[in-house]
Amino acid sequence: MDTKTSYWKGIDKIQYVGHQDKKSGLGFQYYNPEEVIGGKKMKDWLRFAVAYWHTFDQRLVDPFGDGTAQRPYDKYTDPMDLALAKVDAAFEFYDKLGVDYLCFHDRDLAPEGDTLRETNKNLDKVVDKIVEYQKTSGMKVLWNTSNMFTNPRFVEGAATSPYADIFAYCAAQLKHSLEIGKRVGSENYVFWGGREGYESLWNTNMKEEQEHAAKFFHMAKDYANEIGFDAQMLLEPKPKEPTTHQYDFDAATTIAFMKEYGLDKDFKLNLEGNHANLAGHTYQHEIRTAREAGLLGSLDANQGDKLIGWDIDEYPSNLYETTAAMYEVVENGSIGPRGGLNFDAKPRRSSFAPEDLFYGHIVGMDSFAAGLRVAVAMKEDGFLDKLKKDRYSSYESGIGADIESGKADFKSLEKYAIDKPQSELIAATHSDHLEEVKDTINHYIIDTLSK
Ligand code: XUL
Ligand code: CO
């Protein structure tokens, strides 16, 4: 373990300075980890995690340009030396940023060999080093996952590949990934079906492919049980990238798939902001859908851009969106029993300096901390609770209570409604004053964040 080298030179531990004292630079405006709001410490509401792939591996490429990233371990040319140096850099980064969790794919950590046996050997060496660092730092793993989409062998899918050899390889890869999850104590295990979808229906057996995916998930859960790895299993929806149609399109589609194949007892959802937008939804919609189904597991924190139609994984900075997301979390009581906020986000290609990785996480952490503060303030005033209670109050008595209790049927409802004049029906409805509601939400944002 390298304790002498500092990779992130000139950067001290990031402190909470408060928004009044912070105009710019490295410091949190709204994230004060030990502060108790809404009955819990901020760090326990938010459980922030750093994503290994975007933070330490990402070279900031785009479809038209090479990587621009400048990283403090760029001098290492041997792939294993580089992989091991990154672990030192990563743990120094976590400490300076003040996060308690990390997330990683198996292939983020170490280079592949020619066979899975060789690949696993490389990976184990890096995991050994991570486990050592965990002992001294107390860092925990929010989730680990398996990359089954980058290598050309996954060109037509992983568990949904038309080729049985590829399914078999994926099972073997996943087996080892679950074993690693157990070693590092991952609280969750995520499946993002990188290429689990189709390019064209003309050559695709959709049902067969989905059955293979379901079989794969059952086999994964069975093996996790067998080795005593009790992580919460999570599926991460995303609609149409990289394939033209991804099977885990959005929360609702994925929930239907989980129910159809009996996976809803053991699996929950990991939801991501930019993925929600690509599916034509808001992040709030996806979180609401999952939580009302009792299937909210964890969150990937990022945002897209209305002007760009692909998954750009920006660090979150939109306070309105983080407020809406945290409103759902506060209503839920937590992100999920083992959930957290993983920054599945990277700097823009033009923010290529090492310190931009800190700025990116700071704006993301502050944006969710701000959203949490606003959501708690709205909850404590009962603003939206009261509004919704009033809006649905006609179900509390009379005909509404009969509908709720199951006492009413079509015959009794016809009797109730058939002679009601239009004027009475119109009088039963009320303006929802939606513009006033939105103005009040703006007030909560501005007022809470300027205190
Ligand atoms: C891809 C994505 C992944 C998953 C983990 O869009 O979000 O990084 O979070 O595989
Ligand atoms: Co993600």
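The values are calculated or read from the model by the stated rules, or taken from the named source; none is laboratory data. Note that the structure is a prediction, hence the values are computed from the model and not measured. Because the Cβ atoms are built from the backbone with ideal geometry, glycine has one as well, and the counts that use them run over all protein chains shown. Note: accessible area is taken over every heavy atom of the protein model, side chains too, but ligands, DNA and RNA are not part of it. Shrake-Rupley method; radii C 1.70, N 1.55, O 1.52, S 1.80 Å.
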For region 376-428, which fully contained helices (runs of 4 or more DSSP H) count at least 2 residues that are at pLDDT below 95 and closer than 30 Å to residue 326 by Cβ? none
Residue check for residue 44: modelled with pLDDT of 95 or more and more than 15 Å from ligand 1 (Cβ to nearest atom): yes
Note on residue 337: of the conditions (1) under 23 Å from residue 441 (Cβ atoms); (2) surrounded by fewer than 23 Cβ atoms within 10 Å (Cβ to Cβ); (3) away from ligand 2 (no atom under 16 Å from the Cβ), unmet is (1)
What's the number of the only condition in (1) away from ligand 2 (no atom under 16 Å from the Cβ); (2) closer than 24 Å to residue 19 by Cβ; (3) open to solvent by less than 40 Å² (accessible area, probe 1.4 Å) that residue 380 fails to meet? (3)
Here the qualifying pairs (Cβ atoms under 7 Å; residues six or more apart or on different chains; first in region 50-65 and away from ligand 1 (no atom under 13 Å from the Cβ); second polar (S, T, N, Q)) come out as 60/68
List pairs: first in region 236-247 and among the β-branched types (Val, Ile, Thr), second outside any loop (DSSP other than H, G, I, E, B), Cβ under 7 Å, 6+ apart or cross-chain? 243/197; 243/198; 244/198
Candidates 403, 362 - the one that is among the hydrophobic types (A, V, I, L, M, F, W, C) and free of Cβ contacts under 8 Å to residues at least 24 places away in the same chain: 403
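Table: residues versus (1) hydrophobic (A, V, I, L, M, F, W, C); (2) in contact with a strand residue (DSSP E or B) (Cβ under 7 Å, 6 or more places away or on another chain); (3) within 30 Å of residue 6 (Cβ to Cβ).
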| residue | (1), (2), (3) |
| --- | --- |
| 117 | no, no, no |
| 127 | yes, no, yes |
| 131 | yes, no, yes |
| 134 | no, no, yes |
| 141 | yes, yes, yes |
| 149 | yes, no, no |
| 154 | yes, no, no |
| 170 | yes, no, no |
Total residues in region 429-451, condition in a loop (DSSP other than H, G, I, E, B) and small (Gly, Ala, Ser): 1
So, in region 193-212, how many residues would count as being more than 16 Å from ligand 1 (Cβ to nearest atom), outside any loop (DSSP other than H, G, I, E, B) and not charged (D, E, K, R)? 7
Sort out which residues of region 316-348 are within 14 Å of ligand 1 (Cβ to nearest atom) and not hydrophobic (A, V, I, L, M, F, W, C), and write them in order of number. 316, 339, 340, 342, 344, 346
How do the pairs read when you match residues in region 384-399 that are of a type in the set (Val, Ile, Thr) with residues anywhere that are surrounded by 10 or more Cβ atoms within 10 Å (Cβ to Cβ), using Cβ under 7 Å and keeping only pairs 6 or more apart or on different chains? 399/408; 399/416
Of 66, 57, the only residue that is acidic (Asp, Glu) and open to solvent by less than 70 Å² (accessible area, probe 1.4 Å) is 57
Please find, among 319, 357, 295, 307, the residue that is modelled with pLDDT under 95 and either away from ligand 2 (no atom under 16 Å from the Cβ) or surrounded by fewer than 18 Cβ atoms within 10 Å (Cβ to Cβ) (or both). 307
Candidate set: region 245-281, residues that are hydroxyl-bearing (Ser, Thr, Tyr) and either away from ligand 1 (no atom under 16 Å from the Cβ) or open to solvent by 10 Å² or more (accessible area, probe 1.4 Å) (or both); chosen: the one nearest to residue 193 (Cα to Cα): 247
